[in-house]
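The values are calculated or read from the model by the stated rules, or taken from the named source; none is laboratory data. Because the structure is predicted, anything quoted here is derived from the model rather than measured. Note that each Cβ is placed from the backbone with ideal geometry, even for glycine, and that neighbours are counted across all protein chains shown.
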Amino acid sequence: MAIVGAGMSGLCMAAKLRQAGFDDLVVHESAGEVGGTWRDNTYPGLSCDVPARFYSYSFAPHAGWSRNFAPGAEIQRYFVGASADLGLRRHIRFDSEIARADWDGRRYRLRTTDGHTDHADVLIAATGILREPRLPDIEGLSSFAGAAFHSARWDHSVPLRGKRIAVIGTGSTGVQITSALAGVAKPLTLFQRTAQWILPLPQLPYSPVSRAALRVVPGLNRLSYRSYQHIMELVFGHAAVEPGWQRSAVAEVCRSYLRLAIRDPRLRAKLTPPDDPMCKRLIMSASFYPALRRRDVHLVTDSITRVEPAGIRTSDGRLHEVDVIVLATGFDAHAFLRPMELVGEHGQTLSDAWRDGPRGYRTVAVPGFPNFFTLIGPHSPIGNHSLIAIAETQADYVLGWLERIRSGSVSTVVPTAEATEEFNTALRSAMPSTVWTTGCDSWYLGADGVPELWPWTPAVHRRMLASPVLPHFQVT
Ligand code: NAP
């Protein structure tokens, strides 16, 4: 078995396989360490906005989280520790980037970018979704005389204290960076193209007593995990996908928070989004509005016309002179697996199969590509939920097929085009009830403007992946 990627989902799959007694597995990791997005993102202020006691593997609870929303470095240490504690590191081939995988009718022939080859009976893509930085197409960016870098490629050699720093982008990343660098930069200028709704969830430290209690009584940790899961699913799980009290409540909290936290009407007008809360991914922060109230933090809403050696020129003709430009401009969320190429039955490539956008069977498999599975694949329930919980559901499902392959009752398995089409039709017809179609642009939307998300609750995802529906597959 070959897993591509040793990020959160690849480690999850490897751990499940090890627990089930599978030993013949290799995890190909293009970088030199595990962790995926948590390894790559090291920007100031990085933390996870899903509660830490829920954003952990259910099979590897961690009592030591320092805060309710864990800092990025702490999460990265958790994944490195889990990979060692669960005995996964000996299965990981670091600096091994798969360039291409070809199905030869029986198994996949893998080729790495440095020319090595390998074989796998089963191929599992755990390559994540937010890994390809999206650089803005702004004229003159390369002419800038200071330092300019993407948030996921932070240049730690660049001094920040007392510098004039520009942050471009107001997604979750830009908001966290702005909150962290307010007071460090002199001044910080935030360039906002579209205002975003903010839900004020404060960062709170966990006391040593509560951490010790969770360590001594593991049941408390499980209870905490389940409680957060229940609350997240009850509120955000429903709010995003169907109108109801959850959606109204989240919207009301966001609107009231903006009203109460920003008293200056001009600043409030600039910060009022044109769309409904949660249409774009909801941002959790109790420190962003306080940062914007500072005198040394400026919010610019005039559009950027170009970058010049001395700074950023906006449409009002003004040049904002800066020393550092941070591009918090997001990721290409639709570059599943890329740049790796996958070749399935009859020489069909995944690029061809996905010419009109990534389409899969129930987020875990693709017709035409036997013995190939995806974790956090197309249309996975992402939004504001714990991706770890989603990856666990998918890994358990994949494991079910692998048990069948191990027992000899199955040699190859691939979803039918009909079942995949039926699933995608149902998915599209459910989209109009979701908040993502209420009129905004976001990385959730595919090239055709249809959200590439799961339009039902996480519970429906669990139900759909509880066990394979055999007529939906071609099995030999
Ligand atoms: P993002 O949500 O895609 O936001 C990108 C921002 O850059 C938007 O404000 C966008 O404006 C702006 N932008 C893009 N191109 C621009 C241009 N040419 N000129 C001016 N502004 C431009 O990206 P992100 O903030 O990196 O977040 C991506 C996702 O990562 C999040 O939604 C979340 O899923 C994940 N994330 C999670 C956490 C966490 O705590 N769990 C933290 C960070 C990120 P428009 O809105 O106008 O397009």
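Please indicate, with yes or no, whether at least one residue in the stretch 159-167 is touching a residue at least 24 places away in the same chain (Cβ under 8 Å), over 17 Å from Arg295 (Cα atoms) and not assigned by TED's automatic domain parsing to the domain that holds Trp456. There is at least one residue in the stretch 159-167 that is touching a residue at least 24 places away in the same chain (Cβ under 8 Å), over 17 Å from Arg295 (Cα atoms) and not assigned by TED's automatic domain parsing to the domain that holds Trp456. The set of residues in the stretch 191-218 that are buried (at least 17 other Cβ atoms within 10 Å of the Cβ) and of a type in the set (Ser, Thr, Tyr) contains only Tyr206. Residues of the stretch 320-353 that are in contact (Cβ under 8 Å) with a residue 24 or more places away in the chain and over 30 Å from Gln192 (Cβ atoms): Leu337, Pro339, Met340, Glu341, Leu342, Val343, Gly344, Glu345. Go through the residues of the stretch 11-18 one by one and say whether even a single one is without any contact (Cβ under 8 Å) to a residue 40 or more places away in the chain and surrounded by fewer than 17 Cβ atoms within 10 Å (Cβ to Cβ). No, there is no match, as no residue in the stretch 11-18 is without any contact (Cβ under 8 Å) to a residue 40 or more places away in the chain and surrounded by fewer than 17 Cβ atoms within 10 Å (Cβ to Cβ). Can you tell me which residue among Val297, Val241 is out of contact with any His (no Cβ under 8 Å at 6 or more places or on another chain), in the same structural domain as Ile168 (by TED's automatic domain parsing) and more than 16 Å from the ligand (Cβ to nearest atom)? Going through Val297, Val241 in turn, the sole match is Val297.
Filtered by the rule that a residue be within 15 Å of the ligand (Cβ to nearest atom) and of a type in the set (Phe, Trp, Tyr), the stretch 192-215 gives a lone residue, Trp197.
Within the stretch 406-423, if we keep just the residues that are part of a helix (DSSP H, G or I) and surrounded by fewer than 18 Cβ atoms within 10 Å (Cβ to Cβ), the residue that is farthest from the chain's Cα centre (by Cα) turns out to be Ser407. A Cβ distance below 7 Å, combined with a sequence gap of six or more or placement on separate chains, defines the contacts here; from the stretch 170-184, residues that are over 15 Å from Ile325 (Cβ atoms) and touching a residue at least 12 places away in the same chain (Cβ under 8 Å) reach residues that are within 6 Å of the ligand (Cβ to nearest atom) and among the charged types (D, E, K, R) in the pairs Ser172/Asp49; Ser172/Arg281. Filtered by the rule that a residue be of a type in the set (A, V, I, L, M, F, W, C), more than 9 Å from the ligand (Cβ to nearest atom) and closer than 19 Å to Thr37 by Cβ, the stretch 154-176 gives a lone residue, Trp154. Inspect all residues belonging to the stretch 442-454 and state whether any of them is away from the ligand (no atom under 16 Å from the Cβ), at pLDDT 95 or above and not in a helix (DSSP H, G or I). No, there is no match, as no residue in the stretch 442-454 is away from the ligand (no atom under 16 Å from the Cβ), at pLDDT 95 or above and not in a helix (DSSP H, G or I).
Checking each residue in the stretch 70-81 for being crowded, with 21+ Cβ neighbours inside 10 Å and either within 15 Å of Pro205 (Cβ to Cβ) or away from the ligand (no atom under 15 Å from the Cβ) (or both) picks out only Ala70. Scan the stretch 21-53 for residues that are within 26 Å of Val216 (Cβ to Cβ) and away from the ligand (no atom under 12 Å from the Cβ) and the total you get is 1.
If you filter the stretch 239-258 down to residues that are surrounded by 17 or more Cβ atoms within 10 Å (Cβ to Cβ) and in contact (Cβ under 8 Å) with a residue 60 or more places away in the chain, you find that the one that is nearest to Gly383 (Cα to Cα) is Ala240. Take the residues in the stretch 33-58 that are touching a Cys at 6+ places or on another chain (Cβ under 9 Å) and either over 26 Å from Gly183 (Cβ atoms) or of a type in the set (Ser, Thr, Tyr) (or both); name whichever of them is surrounded by the fewest Cβ atoms within 10 Å (Cβ to Cβ). Of everything passing the filter in the stretch 33-58, Tyr57 is surrounded by the fewest Cβ atoms within 10 Å (Cβ to Cβ). The single residue among Asp137, Asp104 that is more than 14 Å from the ligand (Cβ to nearest atom) and at pLDDT 95 or above turns out to be Asp104.
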